[in-house]
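*Asks:* My questions all concern the structure below.
The values are calculated or read from the model by the stated rules, or taken from the named source; none is laboratory data. Keep in mind that this is a model prediction, so the values were computed, not measured. Heads up, the Cβs are rebuilt from the backbone with ideal geometry, glycines too, and the neighbour counts pull from every protein chain shown.
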Amino acid sequence: MTSIVFPGQGSQYLGMGKEVLETNPEYYEYLNKVKMLTGIDIESIIFGSSEEELVKTQNAQLAILCISYIKFLYATHKQGIRPDVVAGHSVGEWTALIACGAVSFEQAVSMVFLRGKYMSQSDRKNEGSMAAVLGLDPEKVTAELKKYPDVVVANYNSPMQVVISGEKNQLFRASEDLRSAGAKKVVQLKVSGPFHSPFMEQASRQLAQDIQSIEFCDPEIPIVQNVSAKFETDRKIIKENIIKQITYPVRWTESIQVKLSAGVKKFVEAGPGKVLTGLIKAISKEPELINI
């Protein structure tokens, strides 16, 4: 069995996707569609010179969605890769929804545009942030965070890497405690807010109204979602899970483990960078890993 996986925010870089687009110029159509649907000239941002412009939440999420989908098309149409299941990390789950046939590219672009907008607005006072905790068991991280009500685990990325999210002052103090508890590193992330935490509740409510207005389809192949870490095939459950996703943690470790248990032997990362390839390698040495 083969799974294609799609990365989330933080994987973006200037010039991403250039190699595929140069040899397959027909894919520029999707960059143009983003501009038509949102008014954002994502091509100029990706192939421009301003990293500051690219890393803005709204731009980064649209750019990753578009380049990841282009690489999915390249993998399936040009390289003959046929996935049995898909998954995406955080905003990458929207690319997975297109890939499995649950939503159209146009629907996903519209929702990700609003997702980035609402998430940026949810922390206008710049009160929240995120940090990656390396080298400490997730259970120990959770135990340490009990002292900090406004800090939660946002991403369970691998057995020895989690990301925490929350109010800045508590996050800083929690980071110090986690270092004392044995974390090899606690790295502050360059993000515009405390994603995958209760601080995103306003964004979640706003996006829920928009998501309810679009029609989901039953997927052609299963998707393993961040919220449930299960194979999902029911359009109603898939829609419920993607609505919850902004405030719930990304259960990536469990998502990979459930696929390994089901017989997935090959993982293909379609998108900018190799973040997910590295995380999967940290979860299991057994599967074959391919990066598009």
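*Asks:* Among the residues of segment 92-121, write down those that are surrounded by fewer than 24 Cβ atoms within 10 Å (Cβ to Cβ) and of a type in the set (Gly, Ala, Ser).
*Replies:* Correct list: Gly101, Ser104, Ser110, Ser120.
*Asks:* Between a residue in segment 179-198 that is among the β-branched types (Val, Ile, Thr) and any residue that is in a loop (DSSP other than H, G, I, E, B), which pairs come within a Cβ distance under 9 Å, given they are 6 or more apart or on different chains?
*Replies:* So the pair list comes out as Val186/Leu136; Val191/Gln9; Val191/Gly10.
*Asks:* Considering only residues of segment 40-68 that are in a loop (DSSP other than H, G, I, E, B) and at pLDDT below 95, which is surrounded by the fewest Cβ atoms within 10 Å (Cβ to Cβ)?
*Replies:* Within segment 40-68, the match that is surrounded by the fewest Cβ atoms within 10 Å (Cβ to Cβ) is Ser49.
*Asks:* Sort out which residues of segment 164-194 are in a helix (DSSP H, G or I) and under 10 Å from Asp150 (Cβ atoms), and write them in order of number.
*Replies:* If the condition is that a residue be in a helix (DSSP H, G or I) and under 10 Å from Asp150 (Cβ atoms), then Lys168, Asn169, Gln170, Leu171, Ala174 are the ones that fit.
*Asks:* What tally of residues in segment 212-255 results from selecting those that are more than 13 Å from Asn155 (Cβ to Cβ), modelled with pLDDT of 95 or more, of a type in the set (A, V, I, L, M) and buried (at least 16 other Cβ atoms within 10 Å of the Cβ)?
*Replies:* Summing the residues that are more than 13 Å from Asn155 (Cβ to Cβ), modelled with pLDDT of 95 or more, of a type in the set (A, V, I, L, M) and buried (at least 16 other Cβ atoms within 10 Å of the Cβ) in segment 212-255 gives 5.
*Asks:* A further question on this structure: State yes or no: is Gln209 of a type outside the set (A, V, I, L, M, F, W, C), loosely packed, with under 15 Cβ neighbours inside 10 Å and within 22 Å of Gln12 (Cβ to Cβ)?
*Replies:* Taking the combined requirement at face value, the residue does not satisfy it.
*Asks:* Please go through segment 1-17 and give me each residue that is more than 14 Å from Thr95 (Cβ to Cβ) and either modelled with pLDDT under 95 or of a type in the set (Ser, Thr, Tyr) (or both), ordered by number.
*Replies:* Matches in segment 1-17: Thr2, Gly10, Tyr13.
*Asks:* Report the residue count in segment 261-292 for those that are out of contact with any Ser or Thr (no Cβ under 6 Å at 6 or more places or on another chain) and not hydroxyl-bearing (Ser, Thr, Tyr). Full working, then the answer.
*Replies:* Kept after step one, since they are out of contact with any Ser or Thr (no Cβ under 6 Å at 6 or more places or on another chain), are these residues of segment 261-292: 261-263, 265, 268, 274, 276-278, 280-281, 284-288, 290, 292.
In the following step, the residues that additionally are not hydroxyl-bearing (Ser, Thr, Tyr) were identified as 262-263, 265, 268, 274, 276, 278, 280-281, 285-288, 290, 292.
Result for segment 261-292: 15.
*Asks:* In this structure, does Glu19 turn out to be loosely packed, with under 14 Cβ neighbours inside 10 Å and either among the small types (Gly, Ala, Ser) or not in a strand (DSSP E or B) (or both)?
*Replies:* Yes: the conditions hold for Glu19.
*Asks:* For Gly101, only one of the following conditions fails: (1) in contact with a Phe, Trp or Tyr (Cβ under 8 Å, 6 or more places away or on another chain); (2) assigned to a loop (DSSP other than H, G, I, E, B). What is its number?
*Replies:* (1)
*Asks:* Of the conditions (1) over 16 Å from Tyr30 (Cβ atoms); (2) under 14 Å from the mean Cα position of the chain (by Cα), Pro83 satisfies every one except a single condition; which number is it?
*Replies:* If we test Pro83 against (1) over 16 Å from Tyr30 (Cβ atoms); (2) under 14 Å from the mean Cα position of the chain (by Cα), just (2) comes out false.
*Asks:* Given Tyr148, Tyr156, which one is assigned to a strand (DSSP E or B) and either in contact (Cβ under 8 Å) with a residue 60 or more places away in the chain or not assigned by TED's automatic domain parsing to the domain that holds Thr253 (or both)?
*Replies:* Details: Tyr148 fails: assigned to a strand (DSSP E or B).
Exactly one of Tyr148, Tyr156 is assigned to a strand (DSSP E or B) and either in contact (Cβ under 8 Å) with a residue 60 or more places away in the chain or not assigned by TED's automatic domain parsing to the domain that holds Thr253 (or both), namely Tyr156.
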